[in-house]
1. Which of the residues belonging to the range 168-202 are under 17 Å from the mean Cα position of the chain (by Cα) and over 26 Å from Gly237 (Cβ atoms)?
2. In the range 207-238, which residue that is of a type in the set (A, V, I, L, M, F, W, C) and farther than 19 Å from Cys63 by Cα is farthest from ligand 2 (Cβ to nearest atom)?
3. Pull out all pairs, ordered by first then second residue, where Cβ-Cβ is under 6 Å, the residues are six or more apart or on different chains, the first lies in the range 235-249 and is farther than 14 Å from His211 by Cα, and the second is within 16 Å of ligand 3 (Cβ to nearest atom).
4. Of all the residues that make up the range 187-204, how many are surrounded by fewer than 19 Cβ atoms within 10 Å (Cβ to Cβ) and touching a residue at least 12 places away in the same chain (Cβ under 8 Å)?
5. Could you check the range 39-62 and list, in sequence order, the residues that are β-branched (Val, Ile, Thr) and assigned to a loop (DSSP other than H, G, I, E, B)?
6. Taking strands (runs of 3 or more DSSP E) that fall entirely within the range 80-187, which contain at least 1 residues that are hydroxyl-bearing (Ser, Thr, Tyr)?
7. Out of the residues in the range 88-108 that are of a type in the set (D, E, K, R) and over 16 Å from His144 (Cβ atoms), which is surrounded by the most Cβ atoms within 10 Å (Cβ to Cβ)?
8. Would it be correct to say that Ile228 is more than 14 Å from ligand 3 (Cβ to nearest atom), surrounded by fewer than 24 Cβ atoms within 10 Å (Cβ to Cβ) and aliphatic (A, V, I, L, M)?
Amino acid sequence: MAQEQLIGYSAYSAGTGGITGWPVSATNSPILNLCFTRCSGLSVYRNYFRDDYGVLRVNATHCEFYVGSVGGYVSTYALTNCLFDRAVFWLDGGVLDQSITLRNCTWRGGQLSINRWSGTDHQTPVSIRDCALDGSTVTTADAHYSNPAITDYNYNAFLQGGNRTTPQGANDVILTNFNWQISWLGSFYLPTNSTLINVGSCYATNAALYHFTTTTNQAKEAASIVDIGYHYVATDGNGNPIDTDGDGFPDYWEDSNGNGNGGDDATSWQTYNSPNGLTGATGLKVFTPLKP
Ligand SMILES: [Ca+2]
Ligand SMILES: [Ca+2]
Ligand SMILES: [Ca+2]
């Protein structure tokens with residue numbers, strides 16, 4: 001790739017870029033549903049997607065952002081289990097009828113910026129939980145940070161002496177080193193003695209992360225309290241997603257709502273009922289976990 005500075009544009013006013021929203025009304029705004037999607041760019045302040053003051057709704061699960069930027073002014077973002085490696089998430093302005101919800105996201109470096117403007121029109125509810133921020137620039141002391149009805153920051157992990165959210169969370173975790181580990185699917189696993197393990201805000205079954213892991217021993221979250229930060233699909237000894245019933249469809253895929261209960265999905269992850277991955281599952285596309 002090659003990227004050249006646009007004439008007349010500063011690093012902070014680089015225009016929309018990427019996928020943008022510009023609907024007639026919020027009710028028919030474009031919706032992005034992303035799963036196991038990786039975005040990689042050259043410059044921190046170029047946006048993969050953002051609104052241009054027209055509502056955009058983004059649901060991203062198990063996604064990875066390398067450098068680049070994600071955010072907007074009047075959008076809804078629900079980001080679950082996403083990685084921001086030297087990348088940026090930002091909200092500027094805000095609007096009453098949209099929301100920002102971040103769960104189990106990990107930042108290394110990069111930036112998390114929440115800047116709702118003053119006035120009731122800009123009261124976007126923002127909730128950030130179970131996220132890890134490793135040396136990131138964190139700025140959340142905006143016009144509405146002291147309003148608990150629309151501001152929820154808790155169960156997040158930060159470096160000692162590093163930036164934290166404003167307000168801080170009563171259940172935040174502070175550590176001196178995240179000590180990231182490498183395994184089959186990436187470079188942001190945790191040591192098995194990490195203080196981020198089993199201290200999140202809910203059970204892994206409620207976070208749809210039953211079949212995911214944070215550790216290189218590939219131990220599934222299962223029914224434990226969710227670990228803080230980004231999770232990978234738990235794999236077998238060959239780096240393939242665990243397929244307990246051996247039908248060719250990995251556990252995390254069959255258990256489509258990620259709660260560990262095989263009885264409430266199209267096929268049970270615990271029962272061999274789709275031989276060779278065909279019967280009963282024809283036409284299904286298995287999302288492939290990201291590999292480095
Ligand atoms: Ca756990
Ligand atoms: Ca299976
Ligand atoms: Ca299930």
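1. If the condition is that a residue be under 17 Å from the mean Cα position of the chain (by Cα) and over 26 Å from Gly237 (Cβ atoms), then Gly200, Ser201, Cys202 are the ones that fit.
2. Residue satisfying both the conditions and the ranking: Ile225.
3. Correct list of pairs: Asp247/Ser274.
4. Narrowing the range 187-204 to residues surrounded by fewer than 19 Cβ atoms within 10 Å (Cβ to Cβ): 187, 191-193, 195, 198-199, 202-203.
Among the residues that remain, those that are also touching a residue at least 12 places away in the same chain (Cβ under 8 Å) are: 187, 191-192, 195, 198-199, 202-203.
Total meeting the criteria: 8.
5. Passing the criteria: Val44, Val55.
6. Working: elements: 83-85, 88-93, 100-103, 106-108, 111-116, 126-129, 132-134, 137-139, 151-154, 157-159, 173-175, 181-183.
Qualifying strands (runs of 3 or more DSSP E): 100-103, 106-108, 111-116, 126-129, 137-139, 151-154, 181-183.
7. For the range 88-108, the residue satisfying everything is Arg103.
8. Numbers: more than 14 Å from ligand 3 (Cβ to nearest atom): yes; surrounded by fewer than 24 Cβ atoms within 10 Å (Cβ to Cβ): no; aliphatic (A, V, I, L, M): yes.
In short, no.
Bear in mind these aren't lab numbers, they're just calculated from the coordinates by the rules spelled out. What you see is a predicted model, and the numbers here were worked out from it, not measured in a lab. Heads up, the Cβs are rebuilt from the backbone with ideal geometry, glycines too, and the neighbour counts pull from every protein chain shown.
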